Amino acid sequence: MQTFEIEANGLWFRGHETGPSDGPLALLAHGFPDTCDTWRHLLAPLGAAGYHAVAPALRGYAPSDIPTDGAYQGAALASDLIELTRAFHGDERAVLIGHDWGALAAYGACTLEPSLWRRLVTLAVPPLAASAPAFLNPAQLKRSWYIFFFQTHAAEFVLPHDNYALIEQLWADWSPGYRADTDVELVRQSLNTPERISAAIGYYRALLDPSNHLPAYADLQARLSNPLLVPTLYLHGLNDGCMAFQDLENPENFLPAGSKIHVVEGAGHFLHLEKPAEVNAAILDFLESDD
């Protein structure tokens, strides 16, 4: 596995890559509170299968750039994946994989430019329409307290307090029983300045407050509600403490023809780290299928 640096959408992105440079592009997008190292179990199998697998740190997360315009709305995140695919010369064989915020960005990218990718894989966060009913459930509102807390001015102080204890607690709550010491330390290193902490929180503020949207992305933002057309594999851990699968409306109702659902028993929110053999096998099987 090697590191890379590439310019796309006006930012410098850095991260990990493996596999043949002329293989089909597999672009992997991480979520919160996480890093591009979250894909360490999947990158090698993708490379061995012939993919040029690329896992960047998303905008705001070290070692990638912090956007000077403060854009963290869905259209900006989707545009990053679109332009990264073009920068890496992705062709009709390209696939897109996203977890958590990376999943939301991937849905947006595939909605805006469906011809860029042959397959989409998302983990832990379904299309927003599938998760909306869950937020009428008090139990899910309790799980999602952090989203609302991040709208407050206290968030920048609390997130790094006591050596990022909040990050450690979220990992423990979301993936019960998983030893996340290595992953939490990587998050500490990635969100290692006040500016990067504000960037991570900015994703959530843009999600709920349209006043944080930039006019430059208005047209693209409006198109994010268009139907998803790229065949999708959606994976969810049955023990996910961030978003309970049983509280979702069936994600398959919001996915296009040729899509599949895979629920991983004994795994939580970070299912690709908890059950890598099962998750990797399901992803590779889907990517290599023709239907």
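Just so it is clear, none of the values below were taken in a lab; they were calculated from the coordinates. Because the structure is a prediction, the values reported are computed rather than measured. Cβ placement follows ideal geometry from the backbone for every residue including glycine, while neighbour counts extend to all protein chains displayed.
One table, with the values for the structure above:
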read-out	value
Within the stretch 219-260, backbone nitrogen closer than 11 Å to the virtual label 7 Å beyond the Cα of S289 toward Cβ	232-234, 258-260
Residues whose placed amide H lies under 5 Å from that of A267, excluding near-sequence neighbours	L238, N239
Separation in nanometres of the label points that stand 7 Å from Cα toward Cβ, at A277 and A129	3.8
Sites R179 and I147, calculated FRET efficiency, Cβ-Cβ separation with R0 25 Å, nearest 0.05	0.45
Full-stretch length increase - A139, W12 - with 0.36 nm per residue and alpha-carbon distance subtracted	41.8 nm
Among 45-53, 94-102, the order from most to least packed when residues are scored by Cβ within 10 Å on average	94-102, 45-53
Principal axis dimensions, largest first and in whole angstrom, of the chain by Cα	47, 39, 38
Projected label distance in nm at A222 and A257, using a 7 Å step from Cα toward the beta-carbon	3.0
Mean Cβ count within 10 Å, highest first, over the residues of peptides 222-230, 178-186	178-186, 222-230
Ranked packing of 129-140, 261-272, 4-15, most packed first, by mean Cβ within 10 Å	261-272, 4-15, 129-140
The stretch 39-57 and the stretch 162-230: distance between their alpha carbon centers, rounded to Å	22
